[in-house]
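**Q** I'd like to ask you about the structure that follows.
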Amino acid sequence: MDQDILRFDKRDFWDEMRRLTNNRCDIPNSIDSAQGNDEISSIFRNKYNDLYNSVCYNSQDMKRVLNELDCNI
């Protein structure tokens, strides 16, 4: 596989990646204390929500930054 990357041979690289990832693992039934798809997805939703909302910001400052970005694109 390393040689394929060095040669940048896309076809061989992706064939090798398919071969390596062909061995699929079963999806876990539990994560932490959650059981089943609904509870597991709830854990990830809550963690993402906490992470996403962990940084507060001022709305006016955000508008200014977005306007600057728009002007520079």
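Nothing in this text is a laboratory measurement; each read-out follows from the coordinates by a stated rule. Every value quoted in this text rests on a predicted model; they were computed, and no experiment measured them. Cβ sites come from the backbone with ideal geometry, for glycine too, and all protein chains shown count toward neighbours.
**Q** When a footprinting reagent is the concern and you count Cβ atoms within 10 Å, what order do PHE13, PHE44 take, fewest first? Display every interim value, and only then the final one.
**A** Details: PHE13 15, PHE44 11.
Least crowded to most crowded, the residues run PHE44, PHE13.
**Q** In nanometres, what is the gap between the two model label sites at LEU66 and SER41, each 7 Å from Cα along Cα-to-Cβ?
**A** Here the modelled spin labels are 2.8 nm apart.
**Q** Return GLU16, GLU68, GLU39 ranked ascending by Cβ neighbour count within 10 Å, so the fewest neighbours appear first. Before the final figure, lay out the partial values.
**A** Working: GLU16 16, GLU68 10, GLU39 13.
Fewest-to-most ranking of GLU16, GLU68, GLU39: GLU68, GLU39, GLU16.
**Q** To make sure I understand, if each residue's beta carbon is the centre and we count other beta carbons within 10 Å, what order do VAL65, VAL55 fall in, fewest to most? Display every interim value, and only then the final one.
**A** Numbers: VAL65 11, VAL55 6.
Fewest-to-most ranking of VAL65, VAL55: VAL55, VAL65.
**Q** Another question, then. Grab the other residues whose beta carbon is less than 12 angstrom from that of TYR57, score K and R as +1, D and E as -1, and report the net. Working shown, then result.
**A** Working: positive: LYS63, ARG64; negative: ASP61.
Cβ neighbours under 12 Å give a net charge of +1.
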